[in-house]
Amino acid sequence: MDNPVLEAKAFVKSYGQGKAAVAVLRGLDLTLQAGEFTVILGPSGSGKSTLLNLLGLMDCPDSGEILFSGISAGHMNEEEHARLRNEKLGFVFQFDSLLPEFTVIENITMPARIGLNPRLRPQALDQAEARARELLGGFALEHLRERFPHQISGGEKQRVALCRALINRPTVVLADEPTGNLDKRNGELVFKDLKALSETQNAAVLMVTHNESACSRANRVLHMLDGSITKNPEGVRP
Ligand code: ADP
């Protein structure tokens, strides 16, 4: 298996300036492969969210390079970054980020609506809704499609957020502590879903967490400490 879809090379990132500067990443390398579920474990403050923000093109490294399917994104402008984020990346966050005034199906199709050419709108919206129903069906949640976020449980919200992350068939899914707010059972379901989507959608799935029970599902477990990643041979699974 060698199909790198996202590569971080020699990432350096600090916050603040001068004497107040906090060096978070000091030359970090990471390659994500299609179809692989990678978990990064690390204590709070080790730099996990900083790394996800850089990989998700929501922030820029001070130095280093980022490649999507071998193409450097470092020199792209903000519009090109926005298109890459919308078309190639799916995000899942710790706190559910569903829009409260929209229904489940409207939330899931939101990333598809954003990229729509107005002339193609009706047909493309139909396609997006069909895809949303298919994704909901995959999670056995189709009955929730017309409900609003306050009418579903925390675990259901997080799985709806997963559907939304997948609507544009992303090649990379980035998940930041997606089970931080869930009980054990719902957390297990989300781990299972993330693993399944790496397999069925051939997506590169990266999850950062401090929850070690995620490791049993991962193809690869990495540890982050003080902004550096180390591989734990015990954690590597076929
Ligand atoms: P984690 O996700 O592992 O908890 P973070 O990436 O959020 O870690 O933070 C890494 C370090 O960077 C921490 O020491 C944190 O205080 C610091 N940090 C994060 N964001 C900022 C910021 N915007 N300004 C200054 N320091 C920050």
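The values are calculated or read from the model by the stated rules, or taken from the named source; none is laboratory data. Because the structure is predicted, anything quoted here is derived from the model rather than measured. All Cβ positions, glycine included, derive from the backbone under ideal geometry; neighbour counts span all protein chains shown.
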Considering only residues that are more than 15 Å from Leu55 (Cα to Cα) and either among the aromatic types (Phe, Trp, Tyr) or free of Cβ contacts under 8 Å to residues at least 60 places away in the same chain (or both), which ones fall in the stretch 12-28?
Ser14, Tyr15, Gly16, Gln17, Gly18, Lys19, Ala20, Ala21, Val22
Residues of the stretch 8-53 that turn out to be among the charged types (D, E, K, R) and crowded, with 18+ Cβ neighbours inside 10 Å, as a count:
3
Take the conditions away from the ligand (no atom under 16 Å from the Cβ) and not hydrophobic (A, V, I, L, M, F, W, C) and apply them to Thr31. Does it pass?
yes
Which pairs do you get when a residue that is buried (at least 22 other Cβ atoms within 10 Å of the Cβ), found in the stretch 198-212, comes within reach of a residue that is in a loop (DSSP other than H, G, I, E, B) and among the charged types (D, E, K, R), reach meaning Cβ atoms under 7 angstrom, with the pair 6+ apart or on two chains?
Ser198/Glu36; Ala204/Glu36; Val208/Glu177; Thr209/Glu177
Do you know which of the residues in the stretch 39-73 that are within 13 Å of the ligand (Cβ to nearest atom) and of a type in the set (A, V, I, L, M) is farthest from Asp2 (Cα to Cα)?
Met58
What number goes with the only condition from (1) surrounded by 14 or more Cβ atoms within 10 Å (Cβ to Cβ); (2) in contact with a Phe, Trp or Tyr (Cβ under 8 Å, 6 or more places away or on another chain) that Ile105 does not pass?
(2)
Breaking point among (1) on the phi < 0 side of the Ramachandran plot; (2) modelled with pLDDT of 90 or more, for Gly35
(1)
If you check Gly18, Gly64, Gly47, which single one turns out to be among the small types (Gly, Ala, Ser) and in contact with a Phe, Trp or Tyr (Cβ under 7 Å, 6 or more places away or on another chain)?
Gly64
Within the stretch 191-201, can one find any residue that is on the phi < 0 side of the Ramachandran plot and within 16 Å of the ligand (Cβ to nearest atom)?
no
Look through Asn219, Asn168, Asn186 and report the one residue that is buried (at least 16 other Cβ atoms within 10 Å of the Cβ) and over 29 Å from Ser46 (Cβ atoms).
Asn168
Looking only at the stretch 210-233, and only at residues there that are of a type in the set (Val, Ile, Thr) and at pLDDT 85 or above, the one that is farthest from Gly180 (Cα to Cα)
Ile229
Number of the condition not met by Lys13 [criteria: (1) more than 9 Å from the ligand (Cβ to nearest atom); (2) at pLDDT 95 or above]
(1)
